[in-house]
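The block underneath contains the structure these notes are about, expressed in structure tokens.
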Amino acid sequence: MQIDVVGGGSLGLLYGAKLADAGADVTIWTRSMEQAVQLAEQGIRLIEVDGISERVIRVKSEWMEHASLREWNKDQNSKSAGYNWLLLTVKQTDLNDHLLKKLALLTNGPENEAAAMMCLQNGVGHLERIQEALPNLPLHAAVTTEGAKRLDSRTVAHTGKGQLWLGEWGGNGRKGDETLAISQKMLVSMLQSAGFASSLSNDLENRIFHKLLINAVINPLTAIYDVENGQLPAHPAREKLMRELYMETEHVLVKAGMAMPEDGWQLIIDVCRQTSRNISSMLSDIRAGRVTEIDAINGGVTRLAAKHGLQAPLNLAITELVQALHPKAE
Ligand code: PAF
């Protein structure tokens, strides 16, 4: 199976390495030419979840700027051979017009009528943007709880086993397309052989909302307080703000169509416990001086609130506070 992994960050390296190891024909598309060269010459160094075992996995890699030069193989891309998968693993903050144009080239080459995309971003808003830019591409949303940390441009540590749910998203799909249905099952089974607990979900919107709820509470508050996830509920003042942000966010998401989690508050506390020594992705971004995903997470909640005639003053204030902590987006 041919799989293009776009993004050489933690998830891109983890999924790329394990899928290649399981026999998929993986190409990692990177933002920098240096990383593409390094991956092609030295492979991905993967540190397993025990934190001790490690190995090097060979993959193909390409610089994203070379997307337009790609030569398509007619046979491989003919529809009868099934869909080729593109796993989009970049952060929402990197999903700009330039990247969307490159994605169009990768998925829409002259002979490539059979590409499908799986999107692994946090937050909301990206699927609509991709759909608008690539209206003919069967789009799939995915929610993952896999833990991964990129240690350098070719090394990734698998920091926690999680789950992946995948499902077709929006109107781009081709209802009744048997080839697509088979390709989805093939991708899930490839992911499973690579060691990822994965399944097709018919409840994906809900899972996206649940993940958004977790990210909207834990990520900005760990970034503002500059603490590990486990430290967040450990202090009464932090816990109070957490709870208020949780209640406001849950109210908005339920209005937007989320089924109430059985015990959403406990879910958040459990994630803090299970990832207690983790530095959240938003705090990592702040510490590294990178633009954060705040606009796609709490900004997304604020926009959803407005769409449903609600206000979300805490989400709005938190968005502005986190934006004040990081450099301006270009
Ligand atoms: O974004 C993250 O860092 C994670 O999804 C989680 C678990 C919410 C916080 O570490």
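General observations
- Qualifying positions in the range 147-157 - open to solvent by less than 20 Å² (accessible area, probe 1.4 Å) and at pLDDT below 95: Gly147
- The set of residues from the range 292-309 being more than 18 Å from Asn215 (Cβ to Cβ) and touching a helix residue (DSSP H, G or I) at 6+ places or on another chain (Cβ under 6 Å) comprises just one member, His308.
- Just one of the listed residues (Leu212, Leu191, Leu221) is more than 13 Å from the ligand (Cβ to nearest atom) and outside any loop (DSSP other than H, G, I, E, B), and it is Leu191.
- The single condition from (1) out of contact with any strand residue (DSSP E or B) (no Cβ under 8 Å at 6 or more places or on another chain); (2) within 16 Å of the ligand (Cβ to nearest atom) that Glu132 fails is (2).
- Pairs where the first residue, in the range 81-106, is closer than 21 Å to Met190 by Cβ and the second is of a type in the set (Phe, Trp, Tyr) and buried (at least 20 other Cβ atoms within 10 Å of the Cβ), C-beta under 8 Å, 6+ apart: Leu87/Tyr15; Thr89/Tyr15; Leu106/Trp29
- Scanning the range 240-255 for residues that are touching a residue at least 12 places away in the same chain (Cβ under 8 Å), under 19 Å from Lys307 (Cα atoms) and open to solvent by 80 Å² or more (accessible area, probe 1.4 Å) yields His251, Lys255.
- If the condition is being part of a helix (DSSP H, G or I) and within 10 Å of the ligand (Cβ to nearest atom), then the range 291-312 contributes only Ile297.
- Top-ranked residue of the range 55-80 - restricted to ones that are open to solvent by 100 Å² or more (accessible area, probe 1.4 Å) and at pLDDT 95 or above, ranked as nearest to Gly23 (Cα to Cα): Arg58
- Counting only residues that are away from the ligand (no atom under 13 Å from the Cβ) and outside any helix (DSSP H, G or I), the range 239-290 holds 11 of them.
- Residues that are among the hydroxyl-bearing types (Ser, Thr, Tyr) and assigned to a strand (DSSP E or B), drawn from the range 118-153: Thr144
- Among the residues making up the range 299-330, those that are of a type in the set (A, V, I, L, M) and touching a residue at least 12 places away in the same chain (Cβ under 8 Å) are Val301, Leu304, Ala305, Leu310, Ala312, Leu314, Leu316, Ile318, Leu321, Val322, Leu325, Ala329.
- Considering residues of the range 154-185 that are within 18 Å of the chain's Cα centre (by Cα) and part of a loop (DSSP other than H, G, I, E, B) only, the residue nearest to Asp94 (Cα to Cα): Trp169
- The residues on offer are Trp165, Trp169, and the sole one that is aromatic (Phe, Trp, Tyr) and either away from the ligand (no atom under 16 Å from the Cβ) or open to solvent by less than 30 Å² (accessible area, probe 1.4 Å) (or both) is Trp169.
The values are calculated or read from the model by the stated rules, or taken from the named source; none is laboratory data. Worth saying up front: this structure is predicted, and the values here are computed from it rather than measured. Every residue, glycine as well, gets a Cβ built from its backbone with ideal geometry; the counts of neighbours run over all protein chains shown. The accessibility values were calculated without ligands, DNA or RNA, using every heavy atom of the protein model including side chains. Shrake-Rupley method; radii C 1.70, N 1.55, O 1.52, S 1.80 Å.
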